[in-house]
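Below: one structure, written as structure tokens.
Bear in mind these aren't lab numbers, they're just calculated from the coordinates by the rules spelled out. Everything numeric here is computed off the predicted structure, so don't read it as measured data. Cβ placement follows ideal geometry from the backbone for every residue including glycine, while neighbour counts extend to all protein chains displayed.
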Amino acid sequence: MLAYRHAFHAGNHADVLKHTVLTRVLRYLNQKDKTYRLVDTHAGAGGYSLEGQHAQKKGEFEHGIACLWGRHDLPEPLADYVAQVRRFNPDGRLAQYPGSPAFAQLLLRPQDQLRLFELHPTDHRILASYLGELKGAEVYDTDGFDGLKGQVPPSSRRGVVLIDPSYEGHADYGRVIATLRDTIERFAEGVYLVWYPQVSKLEAAQLPKRLEALAPKGWLHARITVQQPDRQGFGLAGSGMFVVNPPYTLHDELAGVLPYLTEVLGQYDGANYLLEQRTG
Ligand SMILES: C[S@@+](CC[C@H](N)C(=O)[O-])C[C@H]1O[C@@H](n2cnc3c(N)ncnc32)[C@H](O)[C@@H]1O
């Protein structure tokens, strides 16, 4: 049973990091006319109300996108990310937050392809009604780990894969590794973005090292820690993005972004960031 609903978390600090990195990667791919395919294995509902009961329940966006909304000193990559969120809120008020499929819709060109997987029946229904008719898009209600196999390599051999599971149980960590191992073997030049939570679980702590071993041609790892876990060790302290085959521009862009995010989103004195990469 799927209990996770992204509507409770939309626009939080983890979404800020994830969607900033996604925006940079799509901007980079857009520099060439040649078509590419974006596969989003865990797509969510596509877009979220920040005024509805889900987002209001914990108010996570107030420690995320809301902290950036009125700022005039944003580093360029963050200004671009916030500009996309503004396009999703045409009346100028922060009322909606775009999920990863909506960022894709905003940034992909007519020649590009979008493949979206979402297993939760309600979120799939919302996603399909929102993007199901979009030219170049296909929306599936099947398992995204399994479905990825049928989507790569794209015939253009240009592709980006976002893997953003909910990590509800322990199984997702192992499935991320197994799926990536198999997929990279068949499409070595793809760009792979893996989001992971910074939580008190061995699997989460080990994930980046296990991902490094799958990326002989190069990787980038970006993480921000914004809050302390509670006394039982629970809670989302921060999150990371691990990018296999990152655009060469990404490291320098994030070097300006991560200190800023740590300062603005940090909720305690120990807030910090990590940025590391290995080129192939
Ligand atoms: C973290 S949310 C996705 C958020 C979205 N990528 C975004 O950035 O806006 C994870 C989603 O994956 C869905 N899900 C869980 N297991 C899945 C699976 N095996 N295949 C496809 N979707 C799955 C959940 O229902 C949930 O909506």
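Taking the condition of being assigned to a loop (DSSP other than H, G, I, E, B) and either within 9 Å of the ligand (Cβ to nearest atom) or more than 11 Å from residue 63 (Cβ to Cβ) (or both), how many residues in region 1-19 meet it?
Residues that pass the stated criteria total 7.
How many residues does region 224-261 hold that are free of Cβ contacts under 8 Å to residues at least 40 places away in the same chain and not small (Gly, Ala, Ser)?
Residues that pass the stated criteria total 10.
Take the conditions buried (at least 19 other Cβ atoms within 10 Å of the Cβ), of a type in the set (Asp, Glu) and out of contact with any Phe, Trp or Tyr (no Cβ under 6 Å at 6 or more places or on another chain) and apply them to residue 118. Does it pass?
yes
Please state which one of 200, 239 is out of contact with any Leu (no Cβ under 8 Å at 6 or more places or on another chain) and either closer than 21 Å to residue 12 by Cβ or buried (at least 19 other Cβ atoms within 10 Å of the Cβ) (or both).
Within the list 200, 239, the selection yields 200.
Which fully enclosed helices (runs of 4 or more DSSP H) of region 76-166 have 1 or more residues being more than 9 Å from the ligand (Cβ to nearest atom), out of contact with any helix residue (DSSP H, G or I) (no Cβ under 7 Å at 6 or more places or on another chain) and more than 16 Å from residue 22 (Cβ to Cβ)?
Correct list: 76-87, 121-131.
So which residues in region 196-222 are in contact with a Pro (Cβ under 8 Å, 6 or more places away or on another chain) and on the phi < 0 side of the Ramachandran plot?
Of everything in region 196-222, those that are in contact with a Pro (Cβ under 8 Å, 6 or more places away or on another chain) and on the phi < 0 side of the Ramachandran plot turn out to be 196, 199, 200, 204, 219, 220, 221.
Report, ordered by the first and then the second residue, all pairs with beta carbons closer than 7 Å, sequence separation of six or more or different chains, a first member in region 47-74 that is more than 15 Å from residue 86 (Cα to Cα) and assigned to a loop (DSSP other than H, G, I, E, B), and a second member that is more than 16 Å from the ligand (Cβ to nearest atom) and acidic (Asp, Glu).
none
Which residues, taken from region 203-235, are part of a loop (DSSP other than H, G, I, E, B), aliphatic (A, V, I, L, M) and surrounded by fewer than 14 Cβ atoms within 10 Å (Cβ to Cβ)?
213
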